[in-house]
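The values are calculated or read from the model by the stated rules, or taken from the named source; none is laboratory data. Owing to the predicted nature of the structure, the values given are computational and were not obtained by experimental measurement. As a convention, Cβ positions derive from the backbone with ideal geometry for all residues, glycine included, and neighbour counts pool all protein chains shown. All accessible areas refer to the heavy atoms of the entire protein, side chains included, with ligands and DNA or RNA removed. Shrake-Rupley method; radii C 1.70, N 1.55, O 1.52, S 1.80 Å.
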Amino acid sequence: MLALFLAGSLAVALPANAARTAECQGDWLPATPTSEDVMAGKLSFLDLPAVQVGEKVNWKLDPYKNRSWQMVFHSLRWMGRLVADYESTSNAKYLARATEVAKDWVARNPPGGGAAYAWAEHPVALRAPALVCLSRHVPDKWLKDSLAQHARILANDRNYEWGHNHGLDQDIGLLGIACRYNQKGWRDQAIRRMVKTTTLDVDSQGALREQAPRYAIYFHDRLRVAMDKIKDCGLKVPAELDRRWDLLPEHISAATQPDGFLVPLGDGPADVQPATFDRPDSLVQVYRAGYVFGRTAWDNKESAYYSIRYGPGLKFHGHEDHLGVTYYAQGRNILTEAGFHSYENTPYRRWTITPEAHNVPIVAGKRFRGGVASALTRKSIGEDRQSYTLTDTAYGARRTRAVLVNHDKKDVMAVYDTVSSGKVRNLWHLSPRLAVASNAGGKVVVSDGDWRASIVQFALPGCKQVSGQKIVRGQTSPYQGWISGAYMKKDAAPVVVSPSAKGLLTVVVPGTDQPEVSCSGRTVIVRTPNGPATFKMSGKDLV
C-alpha cells in the first residue's frame, strides 16, 4: 500500500535521469538509515533499535525519551539520504517520499508550534542542508518559504552558539541557503561567523576548547564540510579556517591511547576510535586549553600513556575533572574515567560530570565549587620521566596535585596530593577489565588474568603506608563504581576510595603485585619488574 501511495499520490515533476548536485553529494550527510529502511518506515538512530513510522509520520515521537534521538529525527537528514540516493539511482520513489516527508514536516511544525524539539538550534542547523538538497529537485513555494524561515532563524545571532560545534553547523546551514538563493548578506555573515567561531573553539595550538577530545573529531569533520561549502559557492576559503583545520589532527592523535581509542575525557565515551591522523613529533604534549598527554612511544600498543586535566573552568562538553589523571600501560587501561553515558538529565548523567566520577583529589568535609579554573604551575619533561604540579581552589582550600610518570621500561605513575587546610582523599577509577585481587595494608592489587598491577598509598607527613582503602563497585545511592564505555551503557567497575590524610602519595606500578615501594624521608624507591625507579618529594612537587 505504501508503494502504491508513493507512486501515485504526489504531484511532483520527476526527471527521467537525476542530476548529481553539490548540495546533495559530498561529506555533509553522515551515517543515516539506508534508503530502503526509510522507505519501509524503519528509523534507527544512535545505535538504538529501529522505530517504525507510518505513512503519516508522528512528529512528536520520542520513543526513548532521548533528546539526541529527537535531534536526529528532526534534522531530517534521513530524508536527505533519500534525495542523495535518488541522484545516484534515479529511483523516483525516493524523491517522492522525501518530498512527502519534508512537506508534512513543514506543515505540522510551524515555528513556535508542532513538536517541542523541532526548532531547537541544532536541529534547525542540521535540517537546513537537507532541505537545500531537496530544493535542487523540488522548486515548490512551500519549500522555498521554509528555507527562508530557516535562514532568518540561523542568521539571528541571539540563536547562535559562539565558539561551539553547533555554531559551525549553524553557519554551514545558513551558507547553504545563502548560496542556493544568491543572498550575499547571509553568505557573508555565515563565513564571518565561521572564522570567529573556529578561532574561539580551536586555539593556536590546535586544541579544541570544548573540553572533550571526541568533539575535536566532529569539529574537524564539520570544518571540512564548511570549507567545501565555501568552495562550492565559488568563494575563497579564509586562510584561518584552513590553518585551524590543519592543526586539529595532531591534537586528536595526542588524545588517542596506544590501543587506538580516544582517552574518555569529558563527554567522550571509551569506544571512540579515530581514523589515522597526523601526529605530533614529540611524545609529550602540553596544551594551554587544559590537557597534558604523554606516551613512551608511537605505534606500540604496549607503550605507556597518560593524560592530565587542568585549565579553564567547566564549559560545553567538559566534566569537573580538573587535576584528574588517566593511566594506560602494558596494553591495558588502568586508571580511567566514568566516561560519557548520554545527554539526558538523569541522576546518573549528573554524577558522571561530578569530581566523584574522576581520578581527582577531594578535600574532606569541604563543599565543591563548580566551574573553578586550575593552573599548571610546574612541568619537567624528560625523555624517560615527566613531572607536573597543578593547583586550584575548587574546595575553598587550595588543593595541589603533583604527578610523576617514569618510563625507561620501569613503568610507574606517582601522584602526590596535598591541601592547604583540612585533609584530602582521592579516588581511583579502574577499568572494568580489571578485578581487585587483594586490598590490605595500603596496597590494592588488581588483575587481568595472570597480569597484575599495584596501587600503594602513603600518608604525609611521615610517609607511612596507610591502610583503609575502600573498594566500591556498582553502587547506586550515591552513584559510584561505574564506567560508561559506550553511549547509553554502563558497567560496574571497581573504584579505590582512599582514606583521608593531610597529604597522600599514590604509587601505581603496572605488571606486578610485589612492587616493594619504600618511602624514607622524602625519597621514594619503587622496585619494578625491570629495576628500581627513584624519585623525591620536594615541597609539593615530585622530582
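Taking H as built 1.01 Å from N, whose amide H comes closer than 5 Å to the amide H of ALA437, not counting residues under 5 places away?
VAL445, VAL446, SER447
At a Förster distance of 22 Å, what's the computed FRET efficiency of LYS184 paired with LYS231, Cβ-Cβ distance as r, to 0.05?
Working: r = 17 Å, r/R0 = 0.77.
FRET efficiency, LYS184 to LYS231: 0.80.
Name the trypsin sites (Lys or Arg not before Pro) in the stretch 198-263 that are in a loop by DSSP and that have at most 15 other C-beta atoms within 10 Å, would you? Before the final figure, lay out the partial values.
Values: sites: ARG209, ARG214, ARG222, ARG224, LYS229, LYS231, LYS236, ARG243, ARG244; in loops: ARG209, LYS236.
Within the stretch 198-263, the qualifying trypsin sites (Lys or Arg not before Pro) (loop, at most 15 other Cβ atoms within 10 Å) are LYS236.
Evaluate the distance, in nm, between pseudo-label points positioned 7 Å from the Cα of GLU516 and of ALA50 along their respective Cα→Cβ axes.
Roughly 6.2 nm, to one decimal.
Apply the Karplus curve 6.51 cos²θ - 1.76 cosθ + 1.60, θ = phi - 60°, to the phi angles in the stretch 335-348 and return the couplings in whole Hz, x for Gly and Pro.
9, 10, 10, 4, x, 10, 9, 5, 9, 6, 7, 10, x, 5
Can you pull the Rg over Rh of the stretch 25-94, Cα-only, Kirkwood? Please report the intermediate quantities before stating the final value.
Numbers: Rg = 12.1 Å, Rh = 12.7 Å.
Reported Rg/Rh (Cα atoms, Kirkwood Rh): 0.96.
Relative to the first principal axis of the alpha-carbon coordinates of the chain, what is the inclination of helix 165-180, with its axis defined by its Cα atoms, in degrees from 0 to 90 and to the nearest 10?
20
Could you calculate the contour length gain from ARG369 to ALA435, that is, 0.36 nm times the residue separation minus the distance between their Cα atoms, to one decimal place in nm? Before the final figure, lay out each step's value.
Details: separation 66, 0.36 × 66 = 23.76 nm, distance 3.30 nm.
That pair, ARG369 and ALA435, stretches by 20.5 nm at full extension.
Is the C-alpha gyration tensor of the stretch 407-543 telling us rounded, prolate or oblate? Criteria: a/c under 1.5 is rounded; beyond that, a/b larger than b/c is prolate, otherwise oblate. Don't skip to the end; give the middle numbers.
Working: a/c = 2.06, a/b = 1.31, b/c = 1.57.
Oblate, since a/c reaches 1.5 and b/c is not below a/b.
Return one whole number: the accessible area per residue of the stretch 335-401 in Å², for a 1.4 Å probe. Present the calculation step by step, with values, prior to reporting the outcome.
Values: 2610 Å² over 67 residues.
Ligands and nucleic acids excluded, the figure is 39 Å² per residue.
Helix 121-135: angle to the longest alpha-carbon principal axis of the chain, degrees 0 to 90, nearest 10?
40
Between rounded, prolate and oblate, where does the stretch 93-193 land on the alpha carbon gyration tensor, with a ≥ b ≥ c its root eigenvalues, rounded for a/c under 1.5, else prolate if a/b exceeds b/c? Don't skip to the answer; put the middle values down first.
Working: a/c = 2.00, a/b = 1.37, b/c = 1.47.
Since a/c reaches 1.5 but b/c is at least a/b, the shape of the stretch 93-193 is classed as oblate.
Treating the beta-carbon of each Lys and Arg as +1 and of each Asp and Glu as -1, no other charges, what is the dipole magnitude of the chain about its Cα centre, to the nearest 20 debye?
Numbers: 68 positive and 53 negative charges, 322 e Å.
Taking the Cα centre of the chain as origin, the dipole is about 1540 debye.
Long-range amide H contacts for PHE340: which residues qualify at under 5 Å (H placed 1.01 Å from N, peptide plane, sequence gap of 5 or more or a different chain)?
Under 5 Å from the amide H of PHE340: GLY268, ALA270, SER484.
What number, rounded to the nearest 500 deg cm²/dmol, is the helix-based mean residue ellipticity at 222 nm of the chain, given -39500 (n - 2.57) per DSSP H run of at least four residues and division by all its residues? Before the final figure, lay out each step's value.
Working: 12 runs with 157 residues, N = 543.
Estimated from H runs of four or more residues: -9000 deg cm²/dmol.
What's the longest uninterrupted piece of the chain once you rule out the chymotrypsin sites (Phe, Trp or Tyr not before Pro) that are loop residues per DSSP with at most 15 other Cβ within 10 Å?
It runs 369-543.
Using the Karplus curve 6.51 cos²θ - 1.76 cosθ + 1.60 with θ = phi - 60°, what ³J(HN,Hα) values do you get for each residue of the stretch 350-356, in whole Hz, with x for Gly and Pro?
Couplings: 4, 5, 4, 8, 6, x, 5 Hz.
Only residues of the stretch 307-346 count here: report those whose backbone N is under 17 Å from the spot 7 Å along Cα→Cβ of PHE277, or say none.
307-308, 317-318, by backbone N distance to the label point.
Considering only protein heavy atoms, what per residue accessible area in square angstrom results for the stretch 223-330 with a 1.4 angstrom probe? Could you put the intermediate results ahead of the total?
Details: 3940 Å² over 108 residues.
With the other protein chains kept in place, the stretch 223-330 gives 36 Å² per residue.
With the convex hull built on the Cα atoms of the chain, state its orientation-averaged projected area in nm². Mind showing how you got there, number by number?
Details: hull surface 104.1 nm².
Projected over every direction and averaged, the Cα hull of the chain covers 26.0 nm².
Counting only protein heavy atoms and using a 1.4 Å probe, what share of the accessible area of the chain belongs to carbon plus sulfur, as a whole percent?
49
What is the distance in Å between the Cα centroid of the stretch 157-193 and that of the stretch 335-387?
The distance from the Cα centre of the stretch 157-193 to that of the stretch 335-387 comes to 35 Å.
Check which residues have an amide H placed less than 5 Å from ALA533's amide H, if you skip close sequence neighbours.
Here the answer is VAL526, ARG527, THR528, since their amide H atoms fall under 5 Å of that of ALA533.
Given a 1.4 Å probe, how much area per residue of the stretch 42-100 is accessible, in Å²? Write out the running numbers ahead of the final one.
On the way: 2350 Å² over 59 residues.
Here the residues of the stretch 42-100 average 40 Å² of exposed surface.
Enumerate by residue number the GluC sites (Glu not before Pro) in the stretch 54-120 meeting two conditions: DSSP loop (anything except H, G, I, E, B), and at most 16 other Cβ atoms within 10 Å of the site's Cβ.
Details: sites: GLU55, GLU87, GLU100; in loops: GLU55.
The qualifying sites are GLU55.
For the stretch 16-135, what's the relative contact order in percent, using C-alpha pairs closer than 8 Å and at least 6 residues apart? Show your work: numbers first, answer last.
On the way: 143 pairs, mean separation 40.0, N = 120.
After rounding, I find 33 percent.
Please say if the stretch 140-294 is rounded, prolate or oblate, where rounded means a/c under 1.5 for a ≥ b ≥ c the square roots of the C-alpha gyration tensor eigenvalues, and otherwise the choice is prolate for a/b larger than b/c and oblate otherwise? Provide the component values of the computation, followed by the final result.
Working: a/c = 2.45, a/b = 2.16, b/c = 1.13.
Prolate, since a/c reaches 1.5 and a/b exceeds b/c.
Any idea how far the Cα center of the stretch 391-452 sits from the one of the stretch 63-83, in Å?
Cα centres, the stretch 391-452 to the stretch 63-83: 42 Å.
Given an 8 Å cut-off on Cα distances and at least 6 residues of separation, report the relative contact order of the chain as a percent.
Working: 1166 pairs, mean separation 45.6, N = 543.
With pairs under 8 Å counted, the relative contact order is 8 percent.
Report ³J(HN,Hα) in whole Hz for each residue of the stretch 471-483, in order, from the Karplus equation J = 6.51 cos²θ - 1.76 cosθ + 1.60 where θ = phi - 60°; Gly and Pro get x.
9, 10, 8, x, 7, 10, 9, x, 5, 5, x, 9, 10
So which of LYS229/LYS490; LYS60/LYS315; LYS366/LYS536; LYS93/LYS141; LYS409/LYS470 end up more than 32 Å apart, counting from Cα to Cα? Please list the in-between numbers first.
Values: LYS229/LYS490 39 Å; LYS60/LYS315 30 Å; LYS366/LYS536 29 Å; LYS93/LYS141 21 Å; LYS409/LYS470 30 Å.
Those over the limit are LYS229/LYS490.
Could you tell me how far the Cα centroid of the stretch 219-245 sits from the Cα centroid of the stretch 461-496, in Å?
Cα centres, the stretch 461-496 to the stretch 219-245: 44 Å.
Return the FRET efficiency for the residue pair ARG288, GLU36: r is the Cβ-Cβ distance, R0 is 41 Å, and the value is rounded to the nearest 0.05. Each step should come with its number before you reach the end.
On the way: r = 48 Å, r/R0 = 1.18.
In this case the efficiency is close to 0.25.
For the stretch 311-402, state which GluC sites (Glu not before Pro) are in a DSSP loop and have at most 10 other beta carbons lying within 10 Å of their beta carbon. Spell out each step's value before the answer.
Working: sites: GLU320, GLU337, GLU344, GLU356, GLU383; in loops: GLU320, GLU337, GLU344, GLU383.
For GluC sites (Glu not before Pro) across the stretch 311-402 that sit outside H, G, I, E and B with at most 10 neighbouring Cβ atoms in 10 Å, the list reads GLU383.
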